[in-house]
């Protein structure tokens, strides 16, 4: 039986762009687990009531419900040990750092570059909620948050230096083979890649080269994703 | 026979403050390996000629010479597998990210807060070299680089958010036990802790709490270190 993944979708139900859901899409593919995704919009709180909270990703795996991308990755690793996502206890502990770095530095940095673009791709019924909740968070209009991104994107690219330095040393963040660390960072990059046309990375950036290799993995899962 | 570590020292030969040498001090202690440290100053290039390069840390382990902190950690893990520093191949690959993050974000951030203080603790014979090489690197005088640090330190503390988030989840960066990830970050924090009196962290910061636990490890190695 397939694992069910409740997955953020846009007005176009085939447009999937949540950085946290993409981490899980990659992790499921890594383990070769079949998945059935159910499109979900921000305002469909009732559809997730069974999980006891209101955000995706949520998976239903047999009788078990798990939410929060990190917790889902932990569940998958425990329930389906091979191929491994973490490579053991220290690998998992160290991946938690990369997860925290992506959540704080990457997600925050990308949001400030594309948050207004998101308004154009999300479901119309989500737009009032999205604008008001995000404008409250930033203390600015979405247009103000995104303004000047052509000048600010250089600083974002610079913030990816740790990824760039690691890729000088090894082919994947996981070393000789991809690991959940690769899923975290590539999943986060799928967000702007699918929901915006803004060029986040320069083509000659080693991070872009690695991301291209990630798009090709798992039968081209990321490459085949619908884009805005 | 003890491993020999060539270790950056100040005017006071007991003052040791290199962030890279401290990573190795912690790693050696973690493995229970006896070490003999040899104080080294920036301008003593001849003293490292045997290693084929001009920077510390350098270790001599039996007949083998290894330089660069990451390469030394790799050597120690291969030559003395237990207790482990990395916890396997993925643990090491993921630790490489933490190393790259510390080298780019932490070292750069700390340098901008304490680089002028360093001039007061290094050996007098190193001062001209240190000032001219660092001022060329920053394109400013050391005094200009360090100016306004009371206002800028908040942004540095914010940059440690990934560490703070991980410590909500686990006691050490290595998980249930310290790993080389802990040595990387704590070793980097030993630099300002030993060479400057500037308060880098607030006392109520969970990062400070974890650093205090790191100072107590290995018989209080970090706690006992000489400070400026």
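A short reminder: the numbers here are calculations on the coordinates, not readings from a lab. In this text the structure is predicted, and so the values were computed from the model without any measurement. Positions of Cβ are generated from backbone atoms using ideal geometry, with glycine treated the same way; all protein chains shown enter the neighbour counts.
Let me confirm one metric for peptide A:99-106, namely the mean number of other chain beta-carbon atoms within 10 Å of its residues' beta-carbons. For peptide A:99-106, the averaged partner shielding equals 5. As a rough footprinting exposure proxy, the listed residues B:7, B:151 were ranked by other beta carbons within 10 Å of their own, and the order from fewest upward is B:151, B:7.
Take residue B:125, move 7 Å from Cα toward the beta carbon, and the resulting point lies 7.8 nm from the same point in each other copy, nearest first.
Cα convex hull, the stretch A:89-220: 128 Å³ per residue, rounded to a whole number.
Ranking of A:184, A:122, B:105 by neighbouring Cβ atoms within 10 Å, starting from the fewest: B:105, A:122, A:184.
Each copy carries residue A:33; placing its label point 7 Å along the C-beta direction from Cα gives inter-copy distances of 3.9 nm, listed from smallest up. With a 10 Å cut-off around each Cβ of A:115-125, the average count of Cβ atoms from other chains is 0. With both residues required to sit in chain B, DSSP beta bridges show an antiparallel share near 60%.
Across peptide B:19-31, the average count of Cβ atoms from other chains found within 10 Å of a residue's Cβ is 0.
Only Cα pairs under 8 Å and 6+ residues apart enter the sum, and on that basis the relative contact order of chain A stands at 27 percent. In chain A, helical runs assigned H by DSSP with n ≥ 4 each contribute -39500 (n - 2.57); averaged across all residues and rounded to the nearest 500, the mean residue ellipticity at 222 nm is -16000 deg cm²/dmol. The mean sequence separation of alpha-carbon pairs under 8 Å and at least six residues apart, normalised by the residue count of the stretch A:89-220, gives a relative contact order of 29 percent.
Sequence-distant contacts, meaning Cα pairs under 8 Å at least 6 residues apart, place the relative contact order of the stretch B:3-79 at 36 percent. The stretch A:26-81 and the stretch A:118-158 have their alpha-carbon centroids 26 Å apart.
Panel note: the C-alpha atoms of the protein assembly as shown, placed on their principal axes, show extents of 69, 46, 41 Å (largest first).
Distances between copies at residue B:45, taken between label points 7 Å from Cα along the C-beta direction, are 6.7 nm in increasing order. Translational diffusion of the stretch B:17-121 was estimated from the Stokes-Einstein equation, with Rh taken as the Kirkwood radius over Cα pairs; at 20 °C and 1.002 mPa s the coefficient is 141 µm²/s. Taking the inverse of the mean 1/r over every pair of distinct Cα atoms in the stretch B:66-158 gives a Kirkwood hydrodynamic radius of 15.8 Å. Taking the convex hull of the alpha carbon positions in the stretch B:3-79 and averaging its projected area over all directions gives 4.7 nm². As a proxy for reagent exposure, ranking B:64, A:55 by other Cβ atoms within 10 Å from fewest up yields B:64, A:55.
Direction-averaged projected area, Cα convex hull, chain B: 12.1 nm², rounded to one decimal.
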